[in-house]
Amino acid sequence: MSNDGKKTKRRYYLWIVLAVLPLIVAGLYGTLVNLHLYFRYDEDYFQDSYNQKYQAPGPVALAVEKAIQTGDSALFQELSGMRRSFKIEANPDVVFTVLLDVDDRGYFHYLYLDMSNYRRSTYYIKQVGERWVVVPDDLYFFWDSGLWWDVFLPIALVWWVVLTVVWLVVFVYRISSRIRESMHR
């Protein structure tokens, strides 16, 4: 194979890699998030006492209000059932207001309102195993809830459009270059 043939082959591989790059990134993201799931929850928070205490989303939602009002990080960690600890600031002005939505992924969206400035916050509660937990809006939540797709799809589409435009510009440049060369011969 000639040197030009090797360059052309490398260019094709580069274009293929660039075209599937968003899919590779999405695959890595999904893999890492699902691997993290094995280490996410603390089994101590899934004993029978916690399963009975948080056997429905309502008690978790009310306990979230208490944890926010008092700044009780230990209670919030218990409500999440996660290994990692949380640092939350006490805000006695926050009150639980309403259940906003129950989505098709099993998340209960609860709205809390800061009465001092009317700032709204949404907390998500989902059943994990035999109990209900509050799910912080972290990378796992965005994957599990499907919200990552709302970010990924537009970015991927823009990537593919830009890649197509660049490919067309390069293609037109090369063809015009060949035409110019043939005209000068």
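Below, the figures for the structure above:
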quantity	calculated
Magnitude of the charge dipole, the chain, Cβ model with Lys/Arg +1 and Asp/Glu -1, debye to 20	1820
Amide hydrogen neighbours beyond the local backbone of V94, cut-off 5 Å, H modeled	M115
Estimated [θ] at 222 nm from DSSP helical runs (n ≥ 4, -39500 (n - 2.57)) normalised by residues in the chain, nearest 500	-20000 deg cm²/dmol
Radius, Kirkwood style, for the chain when every pair of distinct Cα atoms is counted (Å)	20.5
For region 132-179, alpha-carbon Rg relative to the globular expectation (2.2 N^0.38 Å, N residues)	2.05
Percent RCO, i.e. relative contact order, over region 24-137, from Cα pairs under 8 Å lying at least 6 residues apart	25
Neighbour cut-off at most 10 other Cβ (10 Å), DSSP loop, GluC sites (Glu not before Pro), region 1-93	E89
Order of V94, V60 - criterion: other Cβ atoms within 10 Å of each residue's Cβ, fewest first	V94, V60
Partners for K53 among aspartates and glutamates (Cα-Cα distance below 20 Å; same-chain residues under 8 apart left out)	D42, E43, D44, E65, D72, E78, E130
N91-I179 pseudo-label distance in nm [points 7 Å out on the Cα-to-Cβ vector]	6.2
Percent RCO, i.e. relative contact order, over region 73-185, from Cα pairs under 8 Å lying at least 6 residues apart	14
Cβ charges +1 (Lys, Arg) and -1 (Asp, Glu), total dipole of region 41-138, debye	120
Range of Cα positions in region 41-138 per principal axis (Å), largest first	38, 29, 23
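No lab work stands behind these numbers, since they all come straight from the coordinates. Keep in mind that this is a model prediction, so the values were computed, not measured. In this analysis, Cβ positions are derived from the backbone assuming ideal geometry, glycine residues included, and neighbour counts consider all displayed protein chains.
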